[in-house]
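In what follows, a single structure is set out as structure tokens and then discussed.
The values are calculated or read from the model by the stated rules, or taken from the named source; none is laboratory data. Note that the coordinates shown come from a computational prediction; the quantities given were computed from them, not determined experimentally. With ideal geometry, Cβ positions are generated from the backbone for all residues, glycine too; neighbour counts draw on all protein chains shown. All accessible areas refer to the heavy atoms of the entire protein, side chains included, with ligands and DNA or RNA removed. Shrake-Rupley method; radii C 1.70, N 1.55, O 1.52, S 1.80 Å.
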Amino acid sequence: METLAKRSQPRVPLCDAIDSLILRIGQVVMWVNLLLVAIIILQVTLRYGFGSGHPMIEELQWHLYAVGVMFGLSYAQTTDSHVRVDVLAMRLSENAVRRWEIFGILVFLLPFLWVVFYHSLDFVADSWRTNERSDAPLGLPWRWAIKAVIPVSFALLAAAAVSRLIRDVVALSRGAR
């Protein structure tokens, strides 16, 4: 039996627009990984080749990694390429899998996303208000900018989850198998 990732999703114009936006953002953000690799190579070369690393470059590495991972979450949800346990789904009907997916989104995913999003707003606002910067004297300024990725990426992930939720509800209402 096919896994959920291989099952067809109904066309829903609103969901298509949300998914298209998330995919475009994901395709832009994926280039951050190429930049990240180049910066890691630079840092390793400076540290081990010339005996002098730089705190700003090291911090930039984890900032770029964070951007890639955080925005990659919504991309993975949209493309259904995230890790899941298909052992059970393989034994269920498509409608049962869709109901289980709806349950998981409503009971687990959306409440979790709301809590993180809501609490990250104050986290980012306090960082911005104090113009938080790195603790390292030669570190990156504007730490609030990287912290701002949290609510933005979780809002995109919530949009991806809602899109999936709508598609599953529409598929169930249409009697998709």
In segment 98-148, residues that are over 18 Å from the mean Cα position of the chain (by Cα) and of a type in the set (Val, Ile, Thr) total 3
- [ ] Determine if segment 91-113 includes at least one residue that is of a type in the set (Lys, Arg), within 25 Å of residue 30 (Cα to Cα), touching a residue at least 12 places away in the same chain (Cβ under 8 Å) and open to solvent by less than 40 Å² (accessible area, probe 1.4 Å).
- [x] no
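Okay, residues lined up against (1) more than 17 Å from residue 35 (Cβ to Cβ); (2) open to solvent by 70 Å² or more (accessible area, probe 1.4 Å):
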{"position": "55", "(1), (2)": "yes, no"}
{"position": "58", "(1), (2)": "no, yes"}
{"position": "65", "(1), (2)": "no, yes"}
{"position": "69", "(1), (2)": "no, no"}
{"position": "72", "(1), (2)": "no, no"}
Restricted to segment 144-176 and to residues being of a type in the set (Lys, Arg) and part of a helix (DSSP H, G or I), the residue nearest to residue 18 (Cα to Cα) is 164
Residue hits (segment 133-167; open to solvent by less than 20 Å² (accessible area, probe 1.4 Å) and acidic (Asp, Glu)) are none
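Take segment 116-132 and flag every residue that is free of Cβ contacts under 8 Å to residues at least 24 places away in the same chain and surrounded by 15 or more Cβ atoms within 10 Å (Cβ to Cβ).
127, 128, 132
With 23, 34, 14 as the choices, which residue is touching a residue at least 40 places away in the same chain (Cβ under 8 Å), of a type in the set (A, V, I, L, M) and exposed (fewer than 14 other Cβ atoms within 10 Å of the Cβ)?
Numbers: 23 fails: exposed (fewer than 14 other Cβ atoms within 10 Å of the Cβ); 34 fails: touching a residue at least 40 places away in the same chain (Cβ under 8 Å).
Result: 14 is the single residue among 23, 34, 14 that is touching a residue at least 40 places away in the same chain (Cβ under 8 Å), of a type in the set (A, V, I, L, M) and exposed (fewer than 14 other Cβ atoms within 10 Å of the Cβ).
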